[in-house]
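Shown next, in structure tokens, is the structure this report addresses.
Rule-based calculations on the coordinates, nothing more; no lab input. No experiment lies behind these values; they were computed from the predicted model shown. Ideal geometry is used to build each Cβ from the backbone, glycine not excepted, and the neighbour counts take in all protein chains shown.
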Amino acid sequence: MYMELAIGQYHRLGYITIWERVCPPLKGIGYAMLIINFYVLSYYNTIIAWSIHYFFASFNAVVPWTYCKNSWNTDNCYSLHDKKSLNFTHNASCSSADEYFERRMLRSHLSPNINQLGSLQWELVGCSMLVFLLIYLSIFKGVRTAGKAIWFTALVPYFVLVILLLRSLTLDGIFEGLKYYVAPTFQSLKEYGVWQAAAVQIFFSLGPGFGVLLSYASFTDSHDKVAHTALIASLVNCSTSLLYGTVVFAGLGYLSFRLKSDVRQFTESNMGLVFVVYPEILTSIRGAPLFSMLFFIMLITLGLDSVFAGAESVYTAIADEFPIFARRPRLSRALVVLIPFLASFSTLTYGGKNIVHFMDFFGTSPSIMFVVLCELIATAWLYGMDRFSNDVQTMTGQKPNIYWRITCRYIAPVILCVLYVCSFIQFDKHEFDSFGDAKTVVRVSIAGWTMSTISALPIPIYAIWRYLTRRAKTLSQQTTKTVVTERTDEQQSFIKLTLF
């Protein structure tokens, strides 16, 4: 984060063009960032669309996932508010919130596997259109409108979090959840998935590797203290994550108390923690519709806060590299929003949840680590730590201290290299068993690694193309020089012969 803020603030260019200044052969880093951003915009907004669906569904006297007496529920459904249904064995049954998520909103039971995605869900398409409309309205005038929108989307979650935290602290059984949250499990440190999830979480929350920091730093005051910005932003980010965790695990403790079960079983779900477990907790709180609306407003603003920056950085990068797009900025920004919307249609089908999981795993995890590793090599090693330090001194009046220099040059590249290599070695195909039979899982894995490779390919391809074109240019210049020399010698011989 520190490195990207510094080079973005110094060179003041979009994340494609800037590498022409830093390390021309690795300009492909910018194109790789562009592809990753389009991947994220094409599936991440679907998750925001789910939140919008839940937000509108909360406008009821009783939120619809409270009970099991609905057309989409099965005989195995149980509800926290129905004593008879609670007599089910929970391992063999589904909660009312789970069935609402799977059978009412997603209708995933109509898609047997990833090979049969089913029809578009027009209700979710409408929610997705609303998301992309909000994105466009926030960026259509550039950083001015995006900056104002981010003020709102960044502050609202804190307001909601405080309300939910105060309410959570009044519930029974919360200390079991909080105990599980803060108690260390050192055994988990041996699992590669934990480290990968931590790295990707930091990339998503702080923004390195996506080009957002490079683009936004190019608009800041050239004398801003980038070290202070990086440290403060990182501390605020981690503190906010701890606050979120406190709110969520307090709720999980309450849910486990009500169901007389272990907290651990509620933490094993992926997207279900947000769209199943916590909505289920909210149903048993007095004023559930209000707290549900607040919770999903928080999720919507959090999601939009990320995609505003991503969409604007895409436009900035393209406009700086191809000035023709800057001539019609509003139309260009509309295309930046429209293309990912069209690409997201597969995530809005009955089997859309599988596509979201597929793109979330392969679209960002391995490739973002490779891109950031190349960034570090390009800046700290090829551009040079001395030149980078001099640039920082020009802006801030002092060079980076020893911590930044050692981290950027040695520690961070080693960690990212290990994580990237382990993403291939430790890959577990069983994570996609829900996609279908063994052959389908193999095909999904091949398609996923192909997708991940595509986003990383611009880096070596551009480097090779640059080398070949420069070599061809050099040979052409040498040939031209030789021809000119020969003609000059002929002219001199002719003059001598004439004079003689």
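Test of understanding: what is the full-extension gain from residue 197 to residue 447, defined as 0.36 nm times their sequence separation minus their Cα-Cα distance? The partial results should precede the final answer.
Numbers: separation 250, 0.36 × 250 = 90.00 nm, distance 2.11 nm.
Here the segment from residue 197 to residue 447 would lengthen by 87.9 nm.
Can you classify the stretch 328-398 as rounded, prolate or oblate using the Cα gyration tensor, where a ≥ b ≥ c are the square roots of its eigenvalues, rounded means a/c under 1.5, and otherwise it's prolate if a/b beats b/c and oblate if not? Oblate shape, in that a/c is at least 1.5 and b/c is the bigger or equal ratio.
Only one residue of 340, 354, 79 has its Cα farthest out toward the positive end of the dipole of the chain, where Lys and Arg carry +1 and Asp and Glu -1 on Cβ, and that residue is 340. For the chain, the Cys residues with no second cysteine's beta carbon closer than 4.7 Å are 23, 94, 127, 238, 374, 408, 417, 422. Using a Förster distance of 35 angstrom, determine the FRET efficiency expected from the C-beta separation of residue 179 and residue 343, and round it to 0.05. E(calc), rounded to 0.05, equals 0.20.
What is the spin-label model distance, in nm, from residue 236 to residue 393 if the labels are put 7 Å beyond Cα along the C-beta direction? Between residue 236 and residue 393, the label points sit 3.1 nm apart. Relative to the 2.2 N^0.38 Å rule of thumb, the chain has a C-alpha radius of gyration ratio of 1.16.
Each Cα pair under 8 Å and six or more residues apart adds its separation to the average, and for the chain the resulting relative contact order is 31 percent.
Extension gain, residue 470 to residue 109: 0.36 nm times the residue separation minus the Cα-Cα distance gives 124.4 nm. Between the beta carbons of residue 148 and residue 220, assuming R0 = 22 Å, the FRET efficiency works out to 0.85 to the nearest 0.05. With a simple spin-label model that places each label point 7 Å from the Cα along the Cα-to-Cβ direction, the separation between residue 261 and residue 59 comes to 3.3 nm.
Under unit Cβ charges (Lys, Arg +1; Asp, Glu -1), what dipole magnitude, rounded to 20 debye, does the stretch 243-352 have relative to its Cα centre?
Numbers: 8 positive and 7 negative charges, 57 e Å.
So the dipole magnitude of the stretch 243-352 works out to roughly 280 debye.
Over the chain, DSSP H runs of length four or greater, each weighted -39,500 (n - 2.57), average out per residue to a 222 nm ellipticity of -22000 deg cm²/dmol.
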